[in-house]
Amino acid sequence: MTGAASWSFSENDFKQIQAHLQGFLRDSSARCALLVDRTGQLVATVGETPHFDPTAFASLTAADFSANDQLAKMIGEAEFASLVHQGEKESMYLADIAKRVILVVLFDQRATLGLVKLKAKAVVENLNKVFEEMFNRVGTGPAQQKGLLEGAEDEIDKLFG
Amino acid sequence: MSMINYASREINCKLVYYGPGLGGKTTNLEHIYGKVSPNTRGKMISLATETERTLFFDFLPVDLGTIRGFKTRFHLYTVPGQVYYNASRKLILKGVDGIVFVADSQLERMEANVESMQNLYDNMAEYGYDLTKIPFVIQYNKRDLPNAAPIKDLQAAINPGWPIEDATQQKATPDAAHPGESLVERVGGEWIGRAPYHEAVAVRGDGVFDTLKAVSKLVLKTLS
């Protein structure tokens, strides 16, 4: 293996993911759901537009989840499949998807943690399926990205010129 | 692990600045943050101790503009250089697309450089990544200091080269940035490859963008 494998998703995948998350938000009364890749990249946002910098938020989420993963191993657990950060008004619920992506749910007093957890269970199962299919597909055809960035060097030169 | 989102037409790549403690990794990011237009970069996040030593990481997203209709975004991370933070250092390497090793040129930091490089190889290997096969650039920082070691000695200690067994890669490749030097060459009947390097004085910004440009190019080349 030379490095980490790239992955990509199609518009159709994206629509499926959005539909699952919109249903979840409706059922749980949560405000917003984000999907963050384990390397810290934001994959999708559904619901109310967050008022913070989503890129920074995604990198911190991934670091948070990774650090907790290691803590789990230290106390003899394989993983913490979900995490809760509870605030006075705003709270977060995080759950693992297919070992590659993290679902982050932001909710306030309109929703209860119990309901969010309950409804998240179903959406996590559905998203697991979507992502596993996606990763299997990418695994068989990484060549699709070839040539995507031909000519990129000139543009980098221009930027730093 | 570059992520290509065809729906939002974005390419995201992750670059990690690695190296011994107090070598100038955070300074590299701070200089980039200060120089790049606010429209093309995001917020810089630093998880540091009270004495401004990196505790977990620094993070800075930089947009490199649109290429083939795709917005290219590089996420720059630093790791904590101090030896005892290895657990968090390793986490940051997950899914890395390109690495910059910021070496401290000072003679007395030679051992710390070598130790950090070994640690990088080990941590990469634990993820199953091969450092000799991914975009990798070395920056010799602090070139302005009177106790800076000669480049030749730094190269011999930190970047001695690795054997190249793949016959298609066995061809003499001059180092465009350093006339008379080679990235791939035959030494005593054996082909060896070295990582490209750049000299820098990160506090003044010298060499910072050369390094970033070099590694970004290599990363984008892997996609082209």
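Spin-label pair B:Arg9-A:Ala67: with each label point 7 Å from Cα along the Cα-Cβ axis, the two points sit 3.8 nm from one another. Most tightly packed first, judged by the mean number of other beta-carbon atoms within 10 Å of their residues, the peptides B:139-145, B:165-171, B:42-48 read B:139-145, B:42-48, B:165-171. Take the accessible area of chain B alone and of chain A alone, subtract that of the pair, and you get about 4100 Å² summed over both chains, using a 1.4 Å probe. Taking 28 Å as the limit for the C-alpha separation, the pairs B:Lys90/B:Lys171; A:Lys99/B:Lys35; A:Lys89/B:Lys25; A:Lys89/B:Lys14; B:Lys35/B:Lys217; A:Lys73/B:Lys94 exceed it in the case of B:Lys90/B:Lys171; A:Lys99/B:Lys35; A:Lys89/B:Lys25; A:Lys89/B:Lys14. Surface analysis of the protein assembly as shown yields an accessible area of 46 Å² per residue, using protein heavy atoms and a 1.4 Å probe. Per residue of A:52-59, other chain Cβ atoms within 10 Å of the residue Cβ number 5 on average. Express the carbon and sulfur contribution to the solvent-accessible surface of the protein assembly as shown as a percent, rounded to the nearest whole number, probe 1.4 angstrom. For the protein assembly as shown, the apolar C and S fraction of the accessible surface comes to 51 percent.
Taken over region A:11-141, the convex hull of the Cα atoms encloses 115 Å³ per residue. In terms of the mean number of neighbouring beta-carbon atoms within 10 Å, the peptides B:189-201, B:94-106, A:81-93 order highest first as B:94-106, B:189-201, A:81-93. Using the rule -39500 (n - 2.57) for each DSSP H run of four or more residues, divided by the residues of chain B, the 222 nm mean residue ellipticity is -8000 deg cm²/dmol.
Pairs of C-alpha atoms in chain B farther apart than 26 Å represent 35 percent of all such pairs. Remark: the protein assembly as shown carries a charge dipole of roughly 840 debye about the Cα centre, counting +1 on each Lys and Arg Cβ and -1 on each Asp and Glu Cβ.
Shielding value for B:59-68 is 5, the average number of Cβ atoms from other chains within 10 Å of each residue's Cβ.
Based on the Kirkwood approach, the hydrodynamic radius assigned to the protein assembly as shown is 22.0 Å, with every pair of different Cα atoms included.
Counting only DSSP beta bridges with both residues in the protein assembly as shown, the antiparallel share comes to about 65 percent.
Per residue of peptide A:14-21, the mean number of Cβ atoms on other chains within 10 Å of the residue Cβ is 1.
Based on the reciprocal of the average 1/r between different C-alpha atoms, the Kirkwood radius for region B:65-140 equals 13.9 Å. Approximating the spin labels as points 7 Å out from Cα along Cα→Cβ, the B:Ala167-to-A:Thr49 distance works out to 5.8 nm.
The values are calculated or read from the model by the stated rules, or taken from the named source; none is laboratory data. Note that the structure is predicted; figures quoted are calculated from it, not measured. Virtual Cβ from ideal backbone geometry, glycine too; neighbours counted across all protein chains shown. For the accessible areas, the whole protein counts, side chains as well, though only heavy atoms, and no ligand, DNA or RNA atoms are used. Shrake-Rupley method; radii C 1.70, N 1.55, O 1.52, S 1.80 Å.
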